[in-house]
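In what follows, a single structure is set out as structure tokens and then discussed.
The values are calculated or read from the model by the stated rules, or taken from the named source; none is laboratory data. All figures in this text were calculated on a predicted structure; none of them were measured in a lab. Don't worry about glycine lacking a Cβ; one is built from the backbone with ideal geometry, like all the others, and counts go over all protein chains shown. What goes into the accessible areas is simple: the full protein's heavy atoms, side chains included, and nothing from ligands, DNA or RNA. Shrake-Rupley method; radii C 1.70, N 1.55, O 1.52, S 1.80 Å.
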2 protein chains.
Amino acid sequence: MTQLEDAGNNRITEAMEQAAAHEGLDPETIRAGVAAGEIVIPKNIGRSFDARGIGKGLLTKVNANIGTSPSHANMDEELEKLDASVAAGADAVMDLSTGGDLDGIMKAVIDRSPVMIGTVPIYKAVSRVLTEGRQCAEVTEDEIFDEIEHQAKIGVDFITVHCGITRASVAVLRECHRLMGMVSRGGSLMAEWIVRNKAENPLYERYDRLLEIARAYDVTLSLGDGLRPGTIFDAHDRAQMMEMIILGELAQRARAAGVQVMIEGPGHVPLSRIAADMILQKRICGGAPYYVLGPLPTDIAAGHDHIAGAIGGAIAAAAGADFLCYVTPAEHLGLPTVADVHDGVIASKIAAHIGDLEKKIASAWDRDRTMTTARAAFDWETMFAMSVDPQKARMVKGRGGNDKPDVCTMCGDFCALKTHARAFDNNNK
Amino acid sequence: MTQLEDAGNNRITEAMEQAAAHEGLDPETIRAGVAAGEIVIPKNIGRSFDARGIGKGLLTKVNANIGTSPSHANMDEELEKLDASVAAGADAVMDLSTGGDLDGIMKAVIDRSPVMIGTVPIYKAVSRVLTEGRQCAEVTEDEIFDEIEHQAKIGVDFITVHCGITRASVAVLRECHRLMGMVSRGGSLMAEWIVRNKAENPLYERYDRLLEIARAYDVTLSLGDGLRPGTIFDAHDRAQMMEMIILGELAQRARAAGVQVMIEGPGHVPLSRIAADMILQKRICGGAPYYVLGPLPTDIAAGHDHIAGAIGGAIAAAAGADFLCYVTPAEHLGLPTVADVHDGVIASKIAAHIGDLEKKIASAWDRDRTMTTARAAFDWETMFAMSVDPQKARMVKGRGGNDKPDVCTMCGDFCALKTHARAFDNNNK
């Protein structure tokens, strides 16, 4: 039984209880959301960890992408990135490795992770083909599904599958004359497969086979946006919207088959269109949770794209995005370091939290209130504890020496709060 | 003659020509904006540098605050911060020093700076009083105005003056029961002065004396928001709005006296109210340029407040803010280091640029387009040049080794752009 099937049968599972406890909500609220397809709880039947929900009415969740590349493959470093992600507050980690011992790394990540793990199975299927000296597009339908089933068996909680790259959406793409073509690795591989083999995407044509595997292991499908814009100039063209329509149809079929499903979104989007994108996805995809990458409201922030991503992410979350995929300072330039992973998660956590304030989530407002009252009372320990990055906050505060521990080195005796207190103490009332 | 008076007399000054050249606009556009009070060109008559405008239709400008504090005063370090600010793209720098040789530091900053310099004269007036063993509130009206005139004489281009802290606005504040009281250093000093001396704020009561000095040196007044909220819980209370109304009245009087004027704004503001704040300020203050600090849409980002500030700043700029005061990672914790200053400016530049895209400024869109076409063509040198931080972008790209210089270490042979090109090359059409 998947979480969705249990929810439909009015059964509250342990995972629903865990997700409810994490949010401070009633388990029935979670069950109802899962039953409606508006909440997913990505958790493979073979794994045991403290599950979290993603979707309507819940805290905005954050994912960190880790993984090797062909030019840089070091398992220990990826496990360090996993630890750094979790320590910084990531709710999910995707292992996107494409170099080294892919199976070994994936198993080690799953084994070590206290949070849900996602993958993009086509990476490993195609990597094996390349290792054998074949071309990407020579990967067979069976090789793709066998790899998906293998990853489901070893415990992956959610998988990105680019089912919306179809003959029809590829035909639309051809007419769009994009500046950046495709920027989705998995999506472009499926497009190449379709074009080279003059055949339909097996993940679309044999979608029922995919649903069968996902249902058997309760793997949540994350329907990939292979046609997401890679520049603000390409945002919301017919290709992107065509894929969203296909994903909406596939989401409906997944739910009907008892399979949990969420939708992936952009990408590079002008600021003023981010909210509209969120609203449209909810409508087109029947309220399925929305998992966005950024979005990035500009193309020029290379070296600091985590900041551009946080700007877009905050607006997206405020407008209903449920799950933010982080962007690191290394985006568009190279594989992130452990420090980049930390900074990327923190930036997304800030965005998610700002979104949660707008979503009127009580615990988010409580946190700002606790921070505020601590700040007004010069209670530094509580300020550190409430901060998005307690260790860094403590480091920065301590940096300037500590001769007047109540105030900080910014203002010292010019502290406005102290001046205000002097002005408005009882003698002056 | 001030820029405003010249503009009113249909004269195009050298500073207007410089400001126009910086924007790629006709000087007449700048003149008309200055004449209408919708653009200011902060430039003391005694200074010579490449002037820039702030206001309607122009690129969103960024200010970096530097300056010593009583517990950390090193002139060389502040000059390093000045250089780092300018190198990162700051359009203005404020010297907010409150420790060490205040006059020496201010003169050195003015002498070295290729950009406009702002100050908060009350800091130095009160510092001197404290040095003499007197209380803050014992600073006299003459001491305040003498210090303002001194700073105008040595070349300060714009000054923050907390004229909106009046007996009336302080009375409103008392009834607001804020969580954070006042967080403006200069504002709280004026409030204390009013309360202790049971007298009106000289900067308000003797506003004409202020206008006379400002007019004589063409110092732009930056009307400070002493009642800006220091937590999202305090945003848009009656105290904040009362001060904005007073500042609107004073802006009108400044313009009538030929004095350039802009308005300072918050501060800590919930995300969904940032745009409304910008719209309201423009209405209340007769279109005067708006200079905002952040805004910060959450209180919990200590250690990474530059990111929270960039989120709020992007939305503010998109909604009409003209001038963003940066926030550094050290905000709420201590005096920023040189590295913090760099990171703060970069974060604000990203926010300003995203705002400029929304303001439909052609040069902003050109930059994203150039970046996009360079990215599609693997033209790394152009990508570095277009990036908000070329040096860092180059460093990150170079980090992973360079065996395949066209692609990066993130994807290597899995580069989606390459796959896309393979799929859609001519043989497959």
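General remarks:
- The C-alpha atoms of chain B define a longest principal axis, and helix B:271-284 lies at about 50 degrees to it.
- Ranked by the mean number of other Cβ atoms within 10 Å per residue, highest first, peptides A:240-251, B:300-311 order as B:300-311, A:240-251.
- DSSP beta bridges confined to the protein assembly as shown are antiparallel in about 10 percent of cases.
- Cα convex hull, the stretch A:313-426: 146 Å³ per residue, rounded to a whole number.
- GNM remark for chain B: springs join alpha carbons under 10 Å apart, and the peak mean-square fluctuation among B:S188, B:S48, B:S71 falls on B:S71.
- Bridge type composition, the stretch A:1-139 - antiparallel percent by DSSP, nearest 5: 25 percent
- Top positive-direction residue, dipole computed over the protein assembly as shown with Cβ charges, set B:P405, A:L79, B:I39: B:I39
- Sequence-distant contacts, meaning Cα pairs under 8 Å at least 6 residues apart, place the relative contact order of the stretch B:280-429 at 16 percent.
- When chains B and A come together, the accessible area they lose, probed at 1.4 Å and totalled over both chains, is close to 8900 Å².
- Along its first, second and third principal axes, ordered by size, the protein assembly as shown spans 86, 57, 42 Å in Cα coordinates.
- About the centre of its Cα atoms, chain A shows a dipole size close to 1080 debye [charges on the beta carbon of Lys, Arg (+1) and Asp, Glu (-1) only; nearest 20 debye].
- Entries in A:K107/B:K404; B:K56/B:K282; B:K56/B:K359; B:K56/B:K107 that, when Cα-Cα distance is taken, lie over 19 Å: A:K107/B:K404; B:K56/B:K107
- Under Karplus coefficients 6.51, -1.76 and 1.60, residue-wise ³J(HN,Hα) of the stretch A:310-322 in Hz, glycine/proline x: 5, 5, x, x, 5, 5, 4, 4, 4, 8, x, 4, 9
- Using alpha-carbon coordinates, inclination of helix A:185-197 to the longest axis of chain A, degrees: 10 degrees
- Residue mean of other protein chain beta carbons inside 10 Å, A:375-381: 2
- Surface accessible to a 1.4 Å probe, per residue, for the residues of the stretch A:1-63, Å²: 40 Å²
- 10 Å Cβ neighbours from other chains, averaged over peptide A:290-298: 3
- At q = 0.10 Å⁻¹, base-10 log of I(q)/I(0) for the stretch B:1-101 (Debye sum, equal scatterers on each alpha carbon): -0.34
- Taking a sphere under 12 Å around the Cβ of B:R367 and counting the other residues whose Cβ falls inside, with K and R at +1 and D and E at -1, yields a net charge of -2.
- Relative packing of peptides B:80-86, A:394-400, A:37-43 - highest average C-beta neighbours within 10 Å first: A:37-43, B:80-86, A:394-400
- The residues of the stretch A:270-429 present an accessible area of 33 Å² per residue when probed at 1.4 Å with all protein chains retained.
- Calculated from backbone phi, Karplus (6.51, -1.76, 1.60) coupling profile of the stretch B:217-223 in Hz, x at Gly/Pro: 10, 6, 7, 6, 7, 10, 6
- Using a 7 Å Cα-to-Cβ projection, B:A216 label spacings across copies, nm, ascending: 8.8
- Summarising the strand pairing of chain A, around 10 percent of its internal DSSP beta bridges are antiparallel.
- Note on A:I45 and B:M395: the model spin-label points, each 7 Å out from Cα along the C-beta direction, lie 5.1 nm apart.
- When the square roots of the Cα gyration tensor eigenvalues are ordered a ≥ b ≥ c, the ratio a/c for the stretch B:96-172 is 1.5 or more and a/b does not exceed b/c, which makes its shape oblate.
- Of the GluC sites (Glu not before Pro) found in the stretch B:82-171, the ones in coil according to DSSP and having at most 12 other Cβ atoms within 10 Å of their Cβ are B:E132.
- Whole-number percent relative contact order across chain A, with pairs defined as alpha carbons under 8 Å at least 6 apart: 15 percent
- nm² value of the averaged projected area, convex hull over the Cα atoms of chain A: 22.5 nm²
- Given R0 = 60 Å, the distance between the Cβ atoms of B:E80 and B:S272 translates into a calculated FRET efficiency of 0.95.
- As a ratio to 2.2 N^0.38 Å, the alpha-carbon radius of gyration for the stretch B:187-306 is 1.12.
- Gap separating the Cα centres of the stretch B:350-420 and the stretch B:162-208, nearest whole Å: 48 Å
- Carbon-plus-sulfur accessible fraction, chain B (probe radius 1.4 Å, protein heavy atoms only): 50%.
- Average beta-carbon neighbours from other chains, 10 Å sphere, peptide A:387-400: 6
- With a Förster radius of 60 Å applied to the beta-carbon distance between A:R238 and A:V338, the computed FRET efficiency rounds to 0.90.
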